[in-house]
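Enquirer: Just dropping this structure here.
Bear in mind that the values in this text are calculations on the coordinates, not laboratory data. Quick caveat: nothing in here was measured; it's all calculated off a predicted structure. Note that we place each Cβ from the backbone using ideal geometry, even for glycine, and neighbour counts take in every protein chain shown.
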Amino acid sequence: MNGTQRGFAMPRRPGEPPDELPPEKPNEPEKPAETPLPPDATVDLAAARRESNIDEVLDTLDAELVGLAPVKARIREIASLLLIDRVRRRFGLTATRPNLHMCFTGSPGTGKTTVALRMAELLHRLGYLDRGHLVATTRDDLVGQYIGHTAPKTKEVLKRAMGGVLFIDEAYYLYRAENERDYGQEAIEILLQVMENQRDDLVVVLAGYPDRMADFFHSNPGMSSRIAHHLDFPDYAPDELMAIAHRMLERENYRFSAESEATFREYLEIRMRRPLFANARSVRNALERARLRQAGRLVAATARACGKRDLMTFEPEDFLASRVFSEHRTGEPATP
Ligand SMILES: Nc1ncnc2c1ncn2[C@@H]1O[C@H](COP(=O)(O)OP(=O)(O)OP(=O)(O)O)[C@@H](O)[C@H]1O
């Protein structure tokens with residue numbers, strides 16, 4: 001359907017599926033290059049690597065995320081595989097495109113969405129995905145509340161994600177074992193079909209807590225068999241969280257005073273043991289709140305001139321005013 005025809009299309013009735021997904025392409029071997037290189041030719045892999053611009057994405061990933069060495073290593077492996085596939089095609093060597101659907105397990109705030117975003121960019125640069133964008137979803141984006149609503153909803157999301165990465169956070173909520181007629185099952189079936197038949201156009205990343213993902217795969221072996229890569233995102237240790245905080249501050253032109261660094265570390269050690277702790281996301285939120293307090297402190301101190309150093313520096317009171325400290329002192333229950 002071209003753009004003009006679409007403009008004159010009849011409005012959809014409620015519950016009627018939207019335009020169908022793009023036609024399925026069988027996962028055929030890649031076509032060889034028009035004129036393959038002769039068998040005795042050689043290719044400069046470093047130049048091929050430069051041309052694809054993948055190092056830029058890999059360097060961004062390194063700069064952006066502290067730690068996560070095994071995750072970064074796996075991403076480099078996938079990048080190498082796709083680069084070699086490209087070079088093979090230049091020699092007329094065919095191979096089916098690798099399955100790249102993935103599962104990212106880890107607690108909230110461990111970097112799963114950020115890595116999925118960089119992955120999408122990388123796959124685009126290597127010619128695997130046409131667009132390389134990320135569509136982040138949860139059950140509510142895919143599953144309807146009434147009969148007939150789920151298929152159109154799921155297909156609409158899939159259509160938006162075509163050419164990029166579809167990220168499904170807490171994917172296990174799609175499946176509700178206690179309710180046989182849950183509409184989530186319908187979404188899973190559509191996803192399975194697209195993951196199999198249109199994997200040249202879309203990479204699906206399922207994300208969530210490790211134990212719940214394991215249960216989900218146990219109940220949905222079809223889904224499990226379509227996942228090629230499992231990447232684990234462990235919780236961060238206090239030193240890593242401090243390194244993350246430093247990196248965040250550096251990017252925003254802030255810094256800790258010597259005393260406030262120790263206060264922030266103490267804050268983190270308490271916060272980590274309380275409910276709803278979300279790793280790097282909690283670090284980000286704590287720094288945002290400290291920024292607010294620092295601004296209040298500076299504006300209130302009208303008797304004192306304010307220099308660049310003051311504007312950049314967090315002091316202990318910017319953290320000590322946090323509820324985490326007061327609740328810790330009084331033993332009150334944690335608040336989000
Ligand atoms: N290793 C890290 N180094 C630096 N920043 C990090 C790291 N991991 C996560 N972050 C930052 O923490 C924030 C949350 O990360 P992200 O959204 O990728 O986590 P997530 O695992 O997808 O969490 P959620 O499931 O809650 O969305 C982002 O701002 C991200 O840049």
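Enquirer: How large are Rg and Dmax for the stretch 44-233 when only the alpha carbon atoms are used, in Å?
Expert: Spelled out, the Cα radius of gyration and Dmax of the stretch 44-233 are 17.0, 57 Å.
Enquirer: Quick one: Thr263, Thr138, Thr42, fewest Cβ neighbours within 10 Å first, how do they rank? Spell out each step's value before the answer.
Expert: Details: Thr263 21, Thr138 15, Thr42 6.
The order, fewest Cβ neighbours first, is Thr42, Thr138, Thr263.
Enquirer: Which residues does the label zone of Tyr209 cover in the stretch 167-200, counting backbone N under 20 Å from a point 7 Å along Cα→Cβ?
Expert: So the set is 168-179.
Enquirer: Just rank Glu56, Glu178, Glu186, fewest to most, by other beta-carbon atoms within 10 angstrom. Please list the in-between numbers first.
Expert: Working: Glu56 13, Glu178 5, Glu186 21.
Fewest to most other Cβ atoms nearby, the residues stand as Glu178, Glu56, Glu186.
Enquirer: Would you mind finding the longest exposed-site-free stretch of the chain, with exposed trypsin sites (Lys or Arg not before Pro) meaning DSSP loop and at most 16 other Cβ atoms within 10 Å?
Expert: So the longest stretch without any such site is 13-130.
Enquirer: Sticking with this one: So what is log10(I(q)/I(0)) for the stretch 238-330 at q = 0.12 1/Å, when the Debye sum runs over its Cα atoms only?
Expert: -0.36
Enquirer: Follow-up. How far, in nm, would the chain grow between Ala177 and Asp44 when pulled straight, counting 0.36 nm per residue and subtracting the alpha carbon separation? Present the calculation step by step, with values, prior to reporting the outcome.
Expert: Numbers: separation 133, 0.36 × 133 = 47.88 nm, distance 5.29 nm.
Length difference between fully extended and current span is 42.6 nm.
Enquirer: Provide the FRET efficiency to the nearest 0.05 for the Met272-Arg251 pair, computing r from the beta carbons and using R0 = 25 Å. Walk me through the numbers before you get to the answer.
Expert: Working: r = 23 Å, r/R0 = 0.90.
Rounded to the nearest 0.05, the efficiency is 0.65.
Enquirer: Treat each spin label as a single point 7 Å out from the Cα along the C-beta direction, and report the Glu77 to Asn285 distance in nm.
Expert: Each label point is offset 7 Å from its Cα along the Cβ direction, giving 3.4 nm.
Enquirer: Once you keep just the Cα pairs under 8 angstrom separated by 6 or more residues, what percentage relative contact order results for the chain? Could the numbers behind the result be given before it?
Expert: On the way: 443 pairs, mean separation 65.1, N = 336.
It comes to 19 percent, rounded to a whole number.
Enquirer: Something else: Largest first, please: the extent of the C-alpha atoms of the chain along each principal axis, to the nearest Å.
Expert: 73, 59, 44
Enquirer: From largest to smallest, what semi-axes in whole angstrom does the stretch 81-152 give when each is the square root of 5 times an eigenvalue of its alpha carbon gyration tensor?
Expert: Numbers: eigenvalues 197, 62, 22 Å².
Each semi-axis is the square root of five times an eigenvalue, giving 31, 18, 11 Å.
Enquirer: Could you list which residues have their amide H under 5 Å from that of Phe167, counting only those 5 or more apart in sequence or on another chain, with H placed in the peptide plane?
Expert: So Phe167 has HN proximity to Val135, Ala136, Thr137, Val205.
Enquirer: Taking only DSSP H segments of four or more residues, each worth -39500 (n - 2.57), what value at 222 nm results for the chain once the sum is divided by all its residues, to the nearest 500 deg cm²/dmol? Let's see the in-between values first.
Expert: On the way: 16 runs with 174 residues, N = 336.
Helix-only estimate at 222 nm: -15500 deg cm²/dmol.
Enquirer: Set the Förster radius R0 to 41 Å, insert the Cβ-Cβ distance between Asp55 and Asp310 as r into 1/(1 + (r/R0)^6), and round the FRET efficiency to 0.05.
Expert: Values: r = 39 Å, r/R0 = 0.95.
The computed FRET efficiency comes out at 0.55.
Enquirer: Which loop chymotrypsin sites (Phe, Trp or Tyr not before Pro) in the stretch 135-195, with loop taken from DSSP, have no more than 16 other Cβ atoms within 10 angstrom of their Cβ? Please report the intermediate quantities before stating the final value.
Expert: Numbers: sites: Tyr146, Phe167, Tyr172, Tyr173, Tyr175, Tyr183; in loops: Tyr146, Tyr175, Tyr183.
Here the sparse-neighbourhood loop sites are Tyr146.
Enquirer: Something else now. Would you mind getting me the FRET efficiency between Gln185 and Arg297? Use the beta-carbon distance for r and R0 = 51 Å, nearest 0.05. Provide the component values of the computation, followed by the final result.
Expert: Details: r = 54 Å, r/R0 = 1.06.
That gives a FRET efficiency of 0.40.
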